[in-house]
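Here the structure is laid out as structure tokens; the discussion comes afterwards.
Derivation of every value follows stated rules applied to the coordinates shown; laboratory data play no part. Please read all numbers here as calculations on a predicted model, not as lab measurements. Heads up, the Cβs are rebuilt from the backbone with ideal geometry, glycines too, and the neighbour counts pull from every protein chain shown.
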Amino acid sequence: TDRTFTMLKPDSVEKGNIGPILEKITSAGFRIAAMKLTQMTTADAQAFYAVHKERPFFGELVEYMTRGPIVAAVLEKDNAVEDFRTLIGATNPAEAAEGTIRKLYAASIGENAVHGSDSDENAEIESQFHFAGREIF
Ligand code: GTP
Ligand code: MG
């Protein structure tokens, strides 16, 4: 089966939404292969989101992602990357479909509750960024 990587972002942890979001994820058929509470440093977030470094919101994004702990996890399911992005909904919660995690739990495009990898290749890179091989089951 396939794997994707997710983060429940600082706003989700601050609002007490870890449990409800994990319930949505496991109910949708994802198996948790790795999971931890962790906090990214500024250097971590700049590296993780390097693809966005020229974007006008990059500074805000790094501030947001480092302001508190996140839940990092590796998830397993057939067609994991695409199905997880469907489950979380559009980047901007105002445009996210009914019932999606971002529609339910995200406040704005800048504080959008969850991350989901956008390709199998990035899922592997992002999983290795946060987890050692022996932490992925
Ligand atoms: P991720 O799963 O987090 O990668 O989101 P995404 O793939 O749906 O969106 P994208 O990779 O294009 O953007 C990465 C993250 O940057 C988003 O999830 C937002 O947290 C943030 N972001 C994107 N656009 C904006 C914006 O216009 N303003 C602000 N403040 N943040 C943005
Ligand atoms: Mg993205």
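What distance in nm separates the two pseudo spin-label positions at LEU37 and ASP78, each 7 Å out from Cα along the beta-carbon direction?
Roughly 3.6 nm, to one decimal.
Can you grab the distance from the C-alpha centre of the range 22-88 to the C-alpha centre of the range 92-137, Å, no decimals?
4
How do SER27, SER12, SER119 rank when sorted from fewest to most other Cβ atoms within 10 Å of their own Cβ?
SER27, SER119, SER12
Could you give the length gained on full extension between ALA132 and ARG67, defined as 0.36 nm per residue of separation minus the Cα-Cα distance, in nm?
Computed gain between ALA132 and ARG67 is 21.0 nm.
Exposed loop sites here are GluC sites (Glu not before Pro) in DSSP loop states with at most 13 other C-beta atoms within 10 Å. What is the longest stretch of the chain lacking them?
It runs 1-53.
Quick one: which of LYS15/LYS77; LYS24/LYS77; LYS24/LYS103 span more than 21 angstrom between C-alpha atoms?
Result: LYS15/LYS77 exceed 21 Å.
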